[in-house]
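The values are calculated or read from the model by the stated rules, or taken from the named source; none is laboratory data. Being a predicted model, the structure only gives us computed values, none of them experimental. We place every Cβ from the backbone using ideal geometry, glycine too, and count neighbours over all the protein chains shown. These accessible areas exclude ligands, DNA and RNA; they are computed on the full protein's heavy atoms, side chains included. Shrake-Rupley method; radii C 1.70, N 1.55, O 1.52, S 1.80 Å.
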Amino acid sequence: FFFVGGRGLQRNQTRTRPNALETREIARAKAKMSLSCTALRRGPLVGSPRASPERNDLRSRRNFAIRANTGKIAVGDTAPDFELIAGGFVNVKLSDHKGKKVVLAFFPCAFSGAVDDGCQCQLEALKDLTDAGVSVFGISRDQPFAQKAWMEKLGNPALQSLCDWSMDTCESYVGTFNFGEFLDGVGVSSGLAGYVTSNRGCIAIDESGKVVYKWVALDDAGKSHPGFLPNIDEVKKALGM
């Protein structure tokens, strides 16, 4: 089924030549479509004479929202359940740990070169928590194969590192950012922009399943920056340890 000149035709119907009125309507519709597509492709630049103050304000708010992408979950919320795959292809559900203290350590990616030490330090610092019986999970988009090797490198059998390939869990809890663009910007890589990963973040959940602590690595401008680490003493305090 398709449309010609505003009238629906079945595929087995005979198509007639449009009359003069329909021809003018089609021409006007094509002109509008062409203008709309041009506006979408180009659009007025922010700060240009063609951009209204209202449009500039809208774009500013939108850009701020992108910089402040730290997830929907807030302290006091019930932690939403998830099921992710750990290294070694072991399925892990958050709800299986209800009644226990839980810490979720979100990090950009394992074996990440220039920031690998940061990711490793972040997870190694959580050993005090696993030693105290807290269920601790590292979470990134890395595949289970990489997660297994990463867990072996960390050398803490009580800490499982989980694969969030879709990044739905990361997006919900701490947000995501363009890690490739960050690495390009600091000269580590070139052409990696578009590689999106989890923000570095930390979530603490109490025995009742409530979020009692949330931290996301941001710089002074409110942009995601993986060069910061959570304060473990603050995590312990939030969990009543």
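Numbers at a glance
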quantity	calculated
Set 72/93; 127/148; 101/223 screened for pairs whose C-alpha atoms are more than 25 Å apart	101/223
With every protein chain in place, the range 85-241: carbon and sulfur % of accessible area (1.4 Å)	52 percent
Sequence-separation-based contact order of the range 158-241, relative, with Cα cut under 8 Å and 6+ spacing, percent	21 percent
In nm, spacing of pseudo-spin labels at residue 131 and residue 168 (7 Å Cα→C-beta vector)	3.8 nm
Relative contact order [Cα under 8 Å, 6+ residues apart], the range 69-223, whole percent	32 percent
Relative contact order of the range 149-206, defined on C-alpha pairs under 8 angstrom at six or more residues apart (%)	28 percent
Residue 131 accessible area, 1.4 Å probe, all protein chains in place, Å² to nearest 10	100 Å²
Two-site label geometry, residue 188 and residue 221: point separation in nm, points 7 Å out along Cα→Cβ	1.8 nm
Protection-proxy order for peptides 217-223, 145-151, each taking the mean of Cβ atoms within 10 Å per residue, highest first	145-151, 217-223
Per-residue HN-Hα couplings for the range 128-141 [Karplus 6.51, -1.76, 1.60; θ = phi - 60°; Hz; x = Gly/Pro]	4, 6, 5, 5, 8, x, 6, 7, 10, 10, x, 9, 8, 8
